[in-house]
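Each remark here refers to the structure printed beneath this line.
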Amino acid sequence: MHVSCDAVPNSKAIPFIQWLTSLQVHITQGDYDGKAVIVSWVTPDEPGTRHVQYGTSKDKFKTSAEGTVANYTFYNYKSGYIHHCLIEGLEVY
């Protein structure tokens, strides 16, 4: 799979990703070879979807990956819904 990164200057490993409502979005390297990324985001009130759609351009989201969602409580604090989605098989070009 080829992934283009026109939206992020000087980057060749981050896919175009269609975001839903979220407060924070993080993209980190997902493997040692640079062919995977982990997309993480938090939604405040509802878990929402755990799917990420991505593709080779911002107009072609033909591929999707399914991640996980969790939240936690610590004393009186309740976290938002924390999502992590591993996208594998990327190619740098």
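The values are calculated or read from the model by the stated rules, or taken from the named source; none is laboratory data. A quick note: this is a predicted structure, and the numbers were derived from the prediction, not measured. A quick note on method: Cβ atoms are made from the backbone with ideal geometry, for glycine too, and the neighbour counts reach across all protein chains shown.
Starting from residues that are aliphatic (A, V, I, L, M) and modelled with pLDDT of 85 or more, keep the ones in region 1-52 and report whichever is nearest to H83 (Cα to Cα).
First, pick out the residues of region 1-52 that are aliphatic (A, V, I, L, M): 1, 3, 7-8, 13-14, 17, 20, 23, 25, 27, 36-39, 42, 52.
Filter once more, so that each one left must be modelled with pLDDT of 85 or more: 27, 36-39, 42, 52.
Details: I27: 12, A36: 16, V37: 14, I38: 10, V39: 8, V42: 6, V52: 10 Å.
Among them, the one singled out is V42.
What is the one condition in (1) touching a His at 6+ places or on another chain (Cβ under 9 Å); (2) crowded, with 16+ Cβ neighbours inside 10 Å; (3) among the small types (G, A, S) that G55 does not satisfy?
(1)
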